[in-house]
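Here is the structure we will look at.
Values in this text are rule-based calculations from the coordinates and carry no lab data. Small disclaimer: the values here were computed from a predicted structure and weren't measured. Every residue, glycine among them, receives a Cβ derived from its backbone with ideal geometry; neighbour counts consider all protein chains shown.
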Amino acid sequence: MATIPKIEHENWSSRFAFLMAAVGAAVGLGNIWKFPYITGQNGGGAFVLVYLLAVVFVALPILIAELALGRWGRQSPPNAMSAVAREQGRSKGWRLIGWSGMLAAYLIATYYSVISGWTMVYIFKNGGGHFTGQSAEAVAAEFETLLASPGSLALWHGLFMIIVTIILARGVQAGIERAVKFLMPALFFLLLMMVGYGAVKGDMPAALHFMFDFDFSVIDGEVILVAIGQAFFSIGVAMGLMMAYGAYLPREISIARSAVIIAVMDTMVAIIAGLAIFPIVFAHGTDPGQGPGLIFVTLPIAFGSVAGGLVFGTLFFVLLLFAALTSVIGTIEPVIAWAREKFGMPRTVAAVLSCTVVFVLGFGTVFSFNLWKDWRPLAGFERFADFGYFEILDYLTANVMMPVTGLLLALFVGWRIKPEAIENQLKIENRKLFRAWFFLLRWLVPLSIALILYSSL
């Protein structure tokens, strides 16, 4: 039986450092920007309940499996998958799981960084009092003007990527750890400040009613699928990043316990983000389900019209920037790890090259909002007739690559690895808990992901 080669790998300095990095990778704009408006579009409290169930029974089992594979293989996702498959007597073709997840995360970084640049713009605009007393039409026009300027978008996209490059070039402990040890506690602190602000200046009773009163009549197949999809993607599974972070995880740290903490903290951020945003939204009589414009149009209007909005609005966009930084760091790190293993590159060189490619590819997203605004690459296909470059990239990664990766991962761990081998990696002392997790991974997770894929067709 082949054994996994010993490769010199950095480790997290502590369990706390790993948790902050993993939570930071999971927590992103999806929690603070996307979760609130998706909740608004899908019935409020009933959706939140289904989402929580999906986190526990779908996303968490995959997260545990991905972390276990990462620590088991102790390499970049493709090489880790190849090594584990070889040890278990399976085809090295299973490395496709690592490639698919890693590529999806890398492609996501190319547009995530552009959107992250928007948050930097809004920090300065809100901090400078730009939205104070502005009409809804003026704020909306301001956002459209930003999107229409490829030069501005490219500039802020580039500045954001410079920050990411500096952090990643410094390594696991000196770079990623130091960044997340500051960014994540600061993110939680800012979120709680925003909740307090919403309680004082917003309509907190309306927000609580909206998020936690369950109207089960609104639950249908579509709501369930959206909730599963949001839980699946919010936790950051099937993107290679958790496998990459798991490779730096010391053997003595419990994977199952760590995964539960990551899932709980990620979910808490999403819920707290809703409690920070919805009181402001309801206080101004706006629609909570209006879509992506909730953050970049509606909230600036709200912050510009209330006392303290200058300070707290600026803090809110700083919060978004912190969440974006930790997420993009996580999406690029697997590629850096692979480049170092494949070509023997120094970390600095691998980080600069990996981030430069992200920056260059990001121009596709930049141009999607202006120069390529009317370009429809797949106009010949009815389903994608209205999709521009950005929409195609988002659909490909979120609706195809990530679900497929998650499905293959569940099938590999659930059906192609000897149960005793994965049990030995996890070291879950309670046999009943291990069997429950293994059952979910074998049956419920593949079925749920198959439904997501079917609904995307």
- The summed charge of the VAL237 Cβ neighbourhood (under 13 Å; Lys/Arg +1, Asp/Glu -1) stands at -2
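Based on the mean of other beta carbon atoms within 10 Å per residue, what is the order of 182-188, 136-142, most packed first?
182-188, 136-142
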- Message: What does the charge count around PHE47 come to, taking other residues whose C-beta lies under 14 Å from its C-beta (Lys +1, Arg +1, Asp -1, Glu -1)?
- Response: -3
- Query: For labels at LEU147 and GLU391 in the simple 7 Å Cα→Cβ model, what's the distance in nm?
  - Reply: 1.1
- For the chain, with equal point scatterers placed on the C-alpha atoms only and solvent neglected, what are the log10 I(q)/I(0) values from the Debye formula at q = 0.05, 0.13 1/Å, to two decimals? -0.17, -1.21
- Message: Under the 0.36 nm per residue contour assumption, what length would be gained going from the current alpha-carbon distance of LEU155 and LEU53 to full extension?
- Response: 32.6 nm
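Can you tell me, using C-alpha contacts under 8 Å and at least 6 residues apart, the relative contact order of the chain as a whole percent?
33
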- Task: Could you tell me the distance between the Cα centroids of the stretch 158-198 and the stretch 287-351, to the nearest Å?
- Result: 9
- Compute the distance in nm between two label points, each set 7 Å from the Cα along the Cα-to-Cβ direction, one at ARG251 and one at ARG416. 2.6
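Sum up the charges of everything whose Cβ sits under 13 Å from the Cβ of ARG376, counting Lys and Arg as +1 and Asp and Glu as -1, but leave ARG376 out. Each step should come with its number before you reach the end.
Numbers: positive: LYS373, ARG383; negative: ASP374, GLU382, ASP386, GLU391.
In short, -2.
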- Message: Quick check for you: which residues of the stretch 416-457 have the amide N under 15 Å from the point 7 Å beyond the Cα of GLU382 toward its beta carbon?
- Response: 457
- Message: At a 10 angstrom cut-off on C-beta neighbours, averaged per residue, how do the peptides 362-375, 238-251 rank from highest to lowest?
- Response: 238-251, 362-375
- Task: Would you be so kind as to identify all helices of the chain, as entire DSSP H runs, whose Cα atoms reach 30 Å or more along the helix's own axis and whose mean Kyte-Doolittle hydropathy is at least 0.0?
- Result: 96-127, 178-201, 255-283, 309-343, 347-368
- Query: If the label point is 7 Å along Cα→Cβ of ARG90, which residues in the stretch 59-76 have backbone nitrogen under 18 Å from it?
  - Reply: 61-76
- How much length is gained if the chain between ALA307 and ILE162 is pulled fully straight, taking 0.36 nm per residue apart and subtracting their Cα-Cα distance, in nm to one decimal? 48.7 nm
- Item | Cα-based reach from LYS342 at 27 Å (exclusive), listing lysines while leaving out same-chain residues under 8 positions away | LYS6, LYS92
